[in-house]
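Take a look at the structure below.
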Amino acid sequence: MLRYSSLFSVPSTLNLFLLHRRLHIQPLPSFIDNVNDAISSFNSILHMKNPTPPIFEFNKILSSLAKLNHFNIAISFSQQMELKPIQPDIFTLSILINCFCQLGQINFAFSILGKILKLGYEPNTVTLTTLIKGLCNNGHVRKALNFHDHVIRKGFHLDQVSYGTLINGLCKSGETRAALQLLRKIEGLLLVRPDVIMYTAIIDGLCKDKLVIDAYDLYSEMIVKKIYPDVVTYNTIIYGLFIVGQMKEAVALFNEMSLKNISPNVFILTTLVDGLCKEGEVKKATSVLSVMIKQGVEPNVVTYTSLMDGYFLVKEVNKAKHVFNTISLRGVTPNVHSYNVMINGLCKNKMVDEAVKLFKEMHLKNMTPNTVTYSSLIDGLCKSGRISDVWDLIDEMHNRGQPANIITYNSLLDGLCKNHQVDKAIALLTKMKDEGIQPDMCTYTTLVDGLCKNGRLKDAQRIYQDLLCKGYPLNIRMYNVMIKWAL
């Protein structure tokens, strides 16, 4: 098989110098970083004759346009070249294949491959990998696998980049098992030596499928084979362990990274902080945060927000408030989610006035509260008996194009019932239906309980019987409410 460099002859430096001198032009730089300069250069050399500039000068322009993502212009220029006619070489055609793949025009890319073969050139690994990547990126992963099998049968060779691209494409399309089979095939046939990129892609796919034990086994296999995990590998498997709640194992891997002098990135550390906080291990989370800062990794707003949420979970409200009030000093700006965590945490700890203050602060900072913000504040106001304030928020939500959802209305319904406003609660149920919001079992149970507590047993029984007749799946809470008031 011919080597890529032997498919064409390259003029010597002296010949190039003499050629450019004869043409009275300056050699083009290897990369042109401005589309207008590329167009101007192309128009200048396209019309030169006696002799016509060498093809590699045109290739510089086409390659620059491709790197600048001006794929259509590169394709148009190649068509103008053929009209002159200027014979393309393997470089030209490989650039065109890349352009068509980037535009999702896979059929045209393969027609260029046919042209390469027709002209007697031999496609190299880069060209074949580009086609595999184009197929994968455009949702044709199985075709990419079939193409791989075809080129191997024809005697072509692929490299680690090729297989990494194909395995990554298979995993991203949910074909993790097929990717693992390909890895085993690569090893069995000694096609190339598997590398960390291939293993990491499969580990990521297994973790996303929640097959974390299988992912960990593959990680252990890497170690045995002396294929050393990088920060992306650790990032992937730590996140997978976090998803399935195996925080002890995740922390162990984090410690292993430190022993191997692999610096964790902010995503890994934020994942650990979030996972530990959700399990109530806030002290461990703050230890991880300290490691993060010592290693020069700057925590982001997600990290601090996770920590605030953790403090609320363990009822350390003042510490949550301290984090929120001091993160701006560290150059981190709280976002809507940060405010949501604070407002929700304050409301659940009966500090509604402080929550309202933060809500108003969001408006002053031109931050748009979302449905979660409103629902949290409405729930807090309802539980503190401030129903009149809630109606204003409901109207504000509607005016902002964020109409109340089932969670918001359930909180309001509960507040109305607890404040002996059951007629308004019944009217709210009608309003929900009119707005196309289907009441759930929580809605009905809250209303039935409220009616019973306010002495409206017949109304409660009527709703209960109606639910039975319509075949609603009643839950244990509903049965308990009816049994309690029937006795």
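Note on segment 324-358: residues that are within 30 Å of the chain's Cα centre (by Cα), modelled with pLDDT of 95 or more and of a type in the set (A, V, I, L, M, F, W, C) total 6. Report yes if Leu131 is part of a helix (DSSP H, G or I) and modelled with pLDDT of 95 or more, otherwise no. For Leu131, the condition - part of a helix (DSSP H, G or I) and modelled with pLDDT of 95 or more - is met.
With respect to the conditions (1) surrounded by 15 or more Cβ atoms within 10 Å (Cβ to Cβ); (2) at pLDDT 90 or above; (3) under 31 Å from the mean Cα position of the chain (by Cα), Asn366 falls short on a single one, namely (1).
The residue that is surrounded by the fewest Cβ atoms within 10 Å (Cβ to Cβ), counting only those in segment 465-487 that are within 13 Å of Cys452 (Cβ to Cβ) and β-branched (Val, Ile, Thr), is Ile483. Of Leu103, Leu93, all but one fail to be at negative phi, surrounded by fewer than 18 Cβ atoms within 10 Å (Cβ to Cβ), within 40 Å of the chain's Cα centre (by Cα) and touching a residue at least 24 places away in the same chain (Cβ under 8 Å); the exception is Leu103.
Of all residues being crowded, with 16+ Cβ neighbours inside 10 Å and more than 44 Å from the chain's Cα centre (by Cα) in segment 47-64, which is farthest from Ile97 (Cα to Cα)? Just the residue, please. Looking at residues that are crowded, with 16+ Cβ neighbours inside 10 Å and more than 44 Å from the chain's Cα centre (by Cα), I get Thr52.
Yes/no per residue for (1) crowded, with 20+ Cβ neighbours inside 10 Å; (2) in contact with a helix residue (DSSP H, G or I) (Cβ under 8 Å, 6 or more places away or on another chain); (3) at negative phi:
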{"residue": "Asp159", "(1), (2), (3)": "no, yes, yes"}
{"residue": "Ser162", "(1), (2), (3)": "yes, yes, yes"}
{"residue": "Leu170", "(1), (2), (3)": "yes, yes, yes"}
{"residue": "Ser173", "(1), (2), (3)": "no, yes, yes"}
{"residue": "Ala179", "(1), (2), (3)": "yes, yes, yes"}
{"residue": "Gly188", "(1), (2), (3)": "no, no, yes"}
{"residue": "Leu191", "(1), (2), (3)": "no, yes, yes"}
{"residue": "Met198", "(1), (2), (3)": "yes, yes, yes"}
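The helices (runs of 4 or more DSSP H) found wholly in segment 211-318 and carrying at least 2 residues that are within 25 Å of Asn340 (Cβ to Cβ) occupy 231-243, 266-278, 282-294, 301-313. Looking across segment 221-265 at every residue that is acidic (Asp, Glu) and over 21 Å from Asp209 (Cα atoms), the one that is surrounded by the fewest Cβ atoms within 10 Å (Cβ to Cβ) is identified as Asp230.
Taken together, Ile262, Ile213, Ile223, Ile238 contain a single residue that is in contact with a Leu (Cβ under 8 Å, 6 or more places away or on another chain), of a type in the set (A, V, I, L, M, F, W, C), more than 23 Å from Lys133 (Cβ to Cβ) and free of Cβ contacts under 8 Å to residues at least 60 places away in the same chain, which is Ile238. Only a single item in (1) of a type outside the set (S, T, N, Q); (2) outside any helix (DSSP H, G or I); (3) surrounded by fewer than 21 Cβ atoms within 10 Å (Cβ to Cβ) is not met by Pro334, and it is number (3).
The combined condition, being touching a helix residue (DSSP H, G or I) at 6+ places or on another chain (Cβ under 8 Å), at pLDDT 95 or above and assigned to a helix (DSSP H, G or I), is fulfilled by Ile97.
Okay, residues lined up against (1) buried (at least 21 other Cβ atoms within 10 Å of the Cβ); (2) part of a helix (DSSP H, G or I); (3) under 38 Å from the mean Cα position of the chain (by Cα); (4) at pLDDT 90 or above:
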position	(1), (2), (3), (4)
Asp395	no, yes, yes, no
Gln402	no, no, yes, no
Leu413	yes, yes, yes, yes
Lys424	no, yes, no, yes
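When the residues of segment 134-147 are filtered to those that are over 21 Å from Ile90 (Cβ atoms) and assigned to a helix (DSSP H, G or I), the one that is farthest from the chain's Cα centre (by Cα) is Asn146.
Every test in (1) touching a Ser or Thr at 6+ places or on another chain (Cβ under 9 Å); (2) in a helix (DSSP H, G or I) is passed by Asp449 save one, and that test is (1).
The values are calculated or read from the model by the stated rules, or taken from the named source; none is laboratory data. Remember, it's a predicted structure, so these values are computed and weren't measured experimentally. For neighbour counting, all protein chains shown are included, and Cβ atoms are generated from backbone atoms with ideal geometry for every residue, glycine included.
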